[in-house]
Amino acid sequence: MNNIRKLREERRLSAEELGKAIGRSQPTISKWENSDNLRYEYAKIIADYFKIPVYEVTGESPEDYISNFSEDVVSIDILDVRACCGSGIENFQANVIGKQMMSLPALREFTAVSPENIKIMRVEGESMKPTINPNDMVWVDISYTSPDSDGIYLLCIGEKLAIKRIQIKPFENSVIVKSDNPEYSAFTFNNYKDVAVLGKVIYHMQKVG
């Protein structure tokens, strides 16, 4: 048996309320909850709504989940590093605390990045509001070690982590590091090589509720 009922009840949702939220009927939700062999696409709908890995819906371990599906299912690390969008957090113990499973075709809908180069982490702070809010999950391409274009990056500033927007000034060889929240000040690096880039944000998922 899968974990849909458990996940729903933990969030104090009725089957009707969950069905309405994801565009399905109450009988469909009940059918999914009682399924011993829930199809991947249905588990993925529930996982996306609750912002959790698919295997937490199916009730399997990450390893068993991968082995039970085709080679088109990929695994992306979820880290305990909290990329802070405010003053930063002193935490460099990037231990894997979970896995996000998804089909390779689904991943390719929004990025061509290799799955092993993608790390997922939760955001704290308000400096990137309204673009990225506290508790949103960001997907970071760690193959970036320097800014190659304007965009949102995971940075190491001093001894702290932060997510900031980078604007490159190519004719001056410098960059402006700024927040989307106007209450936070921008600052400039005269040489873009001085910016300690840990990755580039390629996607983010908003917190529900």
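Charges at C-beta only: +1 for Lys and Arg, -1 for Asp and Glu. How large is the resulting dipole of segment 97-187 about its Cα centre, in Debye rounded to 20?
120
List the residues, sorted by chain then number, that are 5 or more residues from His204 or on another chain and whose placed amide H is less than 5 Å from its amide H.
Trp139
Let's test the formula: R0 of 30 Å, r as the Cβ-Cβ distance of Met205 and Gln167. What FRET efficiency results, to the nearest 0.05?
The calculated FRET efficiency here is 0.75.
Can you give the accessible area of Arg11 in Å² (nearest 10), computed on protein heavy atoms with a 1.4 Å probe?
Here the accessible area works out near 100 Å².
At most 12 other C-beta atoms within 10 Å and a DSSP loop state: those are the exposed chymotrypsin sites (Phe, Trp or Tyr not before Pro) I care about. Give me the longest piece of the chain that has none.
So the longest stretch without any such site is 1-91.
Holding the Cα-Cα limit at 20 Å, pick out from Lys129/Lys164; Lys31/Lys99; Lys129/Lys178; Lys169/Lys200 the pairs that are longer than that.
Pairs exceeding the cut-off: Lys31/Lys99.
Between rounded, prolate and oblate, where does segment 14-60 land on the alpha carbon gyration tensor, with a ≥ b ≥ c its root eigenvalues, rounded for a/c under 1.5, else prolate if a/b exceeds b/c?
oblate
What distance in nm separates the simple spin-label points at Arg11 and Ile176, each placed 7 Å from Cα in the Cβ direction?
3.9
So who's got an amide H within less than 5 Å of the one on Ile157, skipping anything under 5 residues away but keeping other chains? H placed 1.01 Å off N, in plane.
The answer is Ala162.
Where does the chain land at 222 nm, in deg cm²/dmol rounded to the nearest 500, when only DSSP H runs of n ≥ 4 count, each adding -39500 (n - 2.57), divided by all residues?
-6000 deg cm²/dmol
Check Lys99: other-chain or 5+ apart residues with amide H under 5 Å from its amide H, H built from backbone geometry?
The answer is Ile78.
Through the Karplus equation 6.51 cos²θ - 1.76 cosθ + 1.60, θ set to phi - 60°, convert the phi angles of segment 155-164 into ³J(HN,Hα) values in whole Hz; use x for Gly and Pro.
So the Karplus estimates, Gly and Pro as x, are 10, 10, 10, x, 10, 10, 9, 7, 9, 9 Hz.
Between Ser35 and Ser61, with labels modelled 7 Å along Cα→Cβ, what's the label distance in nm to one decimal, could you check?
2.5
With the Cα gyration tensor of segment 136-187 giving a ≥ b ≥ c as the square roots of its eigenvalues, does the rule (a/c under 1.5 for rounded; else a/b larger than b/c for prolate; else oblate) give rounded, prolate or oblate?
Verdict is oblate for segment 136-187.
Report the net charge of residues surrounding Ala15, where surrounding means a beta-carbon distance below 15 angstrom and charges are Lys +1, Arg +1, Asp -1, Glu -1.
Local charge sum for Ala15: +3.
Quick one: grab the alpha carbon gyration tensor of the chain, order the square roots of its eigenvalues as a ≥ b ≥ c, and give me rounded if a/c is under 1.5, else prolate or oblate depending on whether a/b is larger than b/c.
Cα axes put the chain in the prolate bin.
Picking from Ser103, Ser30, Ile142, whose Cα lies most toward the positive end of the charge dipole for the chain (charges on Cβ: Lys, Arg +1; Asp, Glu -1)?
Final value for the positive-end residue is Ser30.
Which of Cys85, Val73, Asn2 sits closest to the plus end of the dipole of the chain, meaning its Cα is farthest towards the positive end, when Lys and Arg get +1 and Asp and Glu get -1 on the C-beta?
Cys85
The values are calculated or read from the model by the stated rules, or taken from the named source; none is laboratory data. Nothing here was measured: the structure is a model prediction, and the numbers come from that model. Neighbour counts run over all protein chains shown; Cβ positions are idealised from the backbone, glycine included. These accessible areas exclude ligands, DNA and RNA; they are computed on the full protein's heavy atoms, side chains included. Shrake-Rupley method; radii C 1.70, N 1.55, O 1.52, S 1.80 Å.
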